[in-house]
Amino acid sequence: MTKRSKLKLYAVVVLVGGLLLGSGIWLNGGDSLDYVSTSPKYEKYRLEIYAAKRYQALLNRGMVDPGYVLLYDNTQNKLLQRSDIVDLTGNAEVRWSLDQLGEVSVGMDVRWQLAPE
């Protein structure tokens with residue numbers, strides 16, 4: 001193998017590797033915080049609604065606005081729950097029903113039981 005052909009092979013390997021690495025980084029991006037809601041009264045709990053990462057959006061192509069919800073205990077800053085990927089288009093209304101039902105829900109797809117405040 002000549003020096004010139006080795007150089008061409010090296011350039012192709014570097015180019016393909018760079019494209020693969022760049023694609024992986026791009027697909028892993030896109031995760032962004034859309035909305036934060038704290039529970040009424042004592043603000044014991046916190047909901048964070050995120051837009052899905054690009055690769056998650058590709059895997060859930062039937063969804064217009066894929067995203068997920070994180071539930072935290074605000075007093076300890078501890079993650080309590082993480083939802084599956086759900087379609088948040090017109091489906092992201094947060095309802096805190098801690099006094100009556102002891103639950104919080106986001107749209108029709110995310111619902112968790114919690115201790116009353």
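The values are calculated or read from the model by the stated rules, or taken from the named source; none is laboratory data. Everything numeric here is computed off the predicted structure, so don't read it as measured data.
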Open item on the list: I need the full set of residues from the stretch 54-80 which are at pLDDT 80 or above, assigned to a loop (DSSP other than H, G, I, E, B) and over 16 Å from MET108 (Cα atoms), in order please.
Closed with: ASN74, THR75, GLN76, ASN77
- [ ] Scan the stretch 24-32 and give yes if some residue there is over 13 Å from the mean Cα position of the chain (by Cα), aromatic (Phe, Trp, Tyr), at pLDDT below 90 and part of a loop (DSSP other than H, G, I, E, B), otherwise no.
- [x] no
